[in-house]
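The values are calculated or read from the model by the stated rules, or taken from the named source; none is laboratory data. As the structure is a prediction and not an experimental result, all values here were calculated from the model. Backbone-built Cβ (ideal geometry, glycine too); neighbour counts: all protein chains shown. These accessible areas exclude ligands, DNA and RNA; they are computed on the full protein's heavy atoms, side chains included. Shrake-Rupley method; radii C 1.70, N 1.55, O 1.52, S 1.80 Å.
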Amino acid sequence: MGFGLFFLLFGVLLYFDSVLLAFGNILFLSGLTFIIGLRRTAHFFFQRHKFRGSFFFLGGVSLVLCRWPIIGMLVESYGFVLLFRSFFPMAVGFVLSALNIPYLSTYFSSSSSMV
């Protein structure tokens, strides 16, 4: 999964190189399958309330594999946001509590008081 993310980042940095992006997508999805298992991966992507996000994410992967990298990455990014939108507040809370940055933690804090 780490190699997949590396190749995706490297493909974007090299002006959306379609081969690197395709290789990164394949490695990312296969790494995810190896980490959490085939059944859990299928269950995650094919839940009823995540269907639209899965459709856009996997559609973006297929567009990248068909050598339309810019459009494919845009569609894939939209699908990624739809799939993981419930995870983003928890990740931001974890990062802010782990880093304990004073100004950022008060800015992202859910309470209205500045004390």
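Here is how the numbers come out for the structure above:
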{"read-out": "Close pairs (9 angstrom Cβ cut-off, 6 or more residues apart or separate chains): more than 16 Å from Phe55 (Cβ to Cβ) in the range 65-76, among the acidic types (Asp, Glu) and surrounded by 14 or more Cβ atoms within 10 Å (Cβ to Cβ) anywhere", "value": "Pro69/Asp17"}
{"read-out": "In the range 66-79, residue farthest from Phe10 (Cα to Cα) [restricted to those that are open to solvent by 90 Å² or more (accessible area, probe 1.4 Å) and in a helix (DSSP H, G or I)]", "value": "Tyr78"}
{"read-out": "Unique match (being in contact with a Phe, Trp or Tyr (Cβ under 7 Å, 6 or more places away or on another chain), of a type in the set (Phe, Trp, Tyr) and open to solvent by 70 Å² or more (accessible area, probe 1.4 Å)) among Phe55, Phe23, Phe51", "value": "Phe23"}
{"read-out": "Leu32 open to solvent by less than 60 Å² (accessible area, probe 1.4 Å) and modelled with pLDDT of 95 or more", "value": "no"}
